[in-house]
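Below is one structure, written out as structure tokens, with a few remarks after it.
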Amino acid sequence: MTHKTFRAISLLVFLFVFASCYAQTGGSGSKAVEDAAKALTDRFNRPALLIVDMQNDFVRVGAPMEVPDARATIAQHKKLIAFCRKAGIPVIYTRFLSGPHPTLVWNWSPKLAPPVMACRKGHNRYYEDIKKSVDCADIIEEIYPEQGDPIIDKFGYGAFYSTNLDNTLRSLGVESLILTGTVTQICVEETGREAFHHGYKTTLITDAVSSYMPDLHAAAIKNFGLKFGWTMNTDQVLKELSAYMGAQKK
């Protein structure tokens, strides 16, 4: 089959599908196509806030996996969470965990192994900035989940891989995601890419994600916005979400 023949056949198939839509909708085929296109690009439809790995062993001062810049995103997280709770938007958390047995990830994060046991659920660690010992794998107290908030535990970088995140989102009727957390170029980016492949329209919040490598942080955000979703800061997304939700009520 030549390239020209293939293009001709593709055009005929498109015309047949379009004509079928037109006939089935009583002459409103163009509106059906427009509605379908709008649904694909309506990036705030049925949203959820997905907070990736804002845990003690990443955020607290002196933590073994410390990302100092993560602490600078706490204020943005509080604003986003407050808005979402008031608007009835689900707030979902993920936790990166290390298990008792070695896995491939230990090669690049050796502090997951004993004696440090970073991100080991149930392992308590003392943190100087909060002056107490807490579960090292738990979510930081400043943005701690409320009763009923889904918490997705994962043993790898992406929050969709081998977890019930997709089922949780679908059970809540979620179609789009507001993505935050740490580390930008690792678990956040991997989760955002997985969200794309699962069909979720995802907006990454640039001032609510963090990294210990500024160059990779910037590159990950740029690349995500080029091919996988949208990027904007906290104030921008809250403004657009407010406008969108206001328009939906009219």
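The values are calculated or read from the model by the stated rules, or taken from the named source; none is laboratory data. Predicted model, so just to flag it, every value in this text is computed and none were measured. Quick reminder, even Gly has a Cβ in these numbers, built from the backbone with ideal geometry, and neighbours come from all protein chains shown. With ligands, DNA and RNA removed, areas are computed over all heavy atoms of the protein, side chains included. Shrake-Rupley method; radii C 1.70, N 1.55, O 1.52, S 1.80 Å.
Here are some notes:
- Conditions (1) within 30 Å of Asp235 (Cα to Cα); (2) among the polar types (S, T, N, Q); (3) buried (at least 19 other Cβ atoms within 10 Å of the Cβ): number failed by Asn45: (3)
- In region 205-235, of all residues being of a type in the set (Gly, Ala, Ser) and surrounded by fewer than 18 Cβ atoms within 10 Å (Cβ to Cβ), the one that is nearest to the chain's Cα centre (by Cα) corresponds to Gly225.
- Boolean, Ala195 is touching a residue at least 24 places away in the same chain (Cβ under 8 Å), over 15 Å from Phe44 (Cβ atoms) and open to solvent by less than 50 Å² (accessible area, probe 1.4 Å): no
- Qualifying residue in region 26-38 (condition: touching a helix residue (DSSP H, G or I) at 6+ places or on another chain (Cβ under 8 Å) and at pLDDT 95 or above): no
- Selection within region 139-154 - in contact with a helix residue (DSSP H, G or I) (Cβ under 6 Å, 6 or more places away or on another chain) and open to solvent by less than 40 Å² (accessible area, probe 1.4 Å): Ile140, Ile143, Pro150, Ile152
- Subset tally (residues that are under 16 Å from the mean Cα position of the chain (by Cα) and free of Cβ contacts under 8 Å to residues at least 60 places away in the same chain) for region 164-178: 4
- Pairs, first loosely packed, with under 15 Cβ neighbours inside 10 Å in region 61-80, second outside any helix (DSSP H, G or I) and not hydroxyl-bearing (Ser, Thr, Tyr), C-beta under 6 Å, six or more apart: Val61/Glu128; Val61/Asp129; Gly62/Glu128
- Of Asp215, Asp235, Asp207, all but one fail to be touching a residue at least 12 places away in the same chain (Cβ under 8 Å), out of contact with any strand residue (DSSP E or B) (no Cβ under 7 Å at 6 or more places or on another chain) and more than 14 Å from Asn45 (Cα to Cα); the exception is Asp207.
- Whenever a residue of region 112-130 is open to solvent by less than 50 Å² (accessible area, probe 1.4 Å), its partners that are acidic (Asp, Glu) and part of a loop (DSSP other than H, G, I, E, B), lying with C-beta atoms within less than 9 angstrom and at least six residues away or across chains, give the pairs Cys119/Asp53.
- Annotation note: of Ser133, Ser176, the sole residue that is polar (S, T, N, Q) and either closer than 22 Å to Arg71 by Cα or open to solvent by 50 Å² or more (accessible area, probe 1.4 Å) (or both) is Ser133.
- In region 81-111, the residue that is nearest to Val183 (Cα to Cα) out of those that are open to solvent by less than 50 Å² (accessible area, probe 1.4 Å) and aromatic (Phe, Trp, Tyr) is Phe96.
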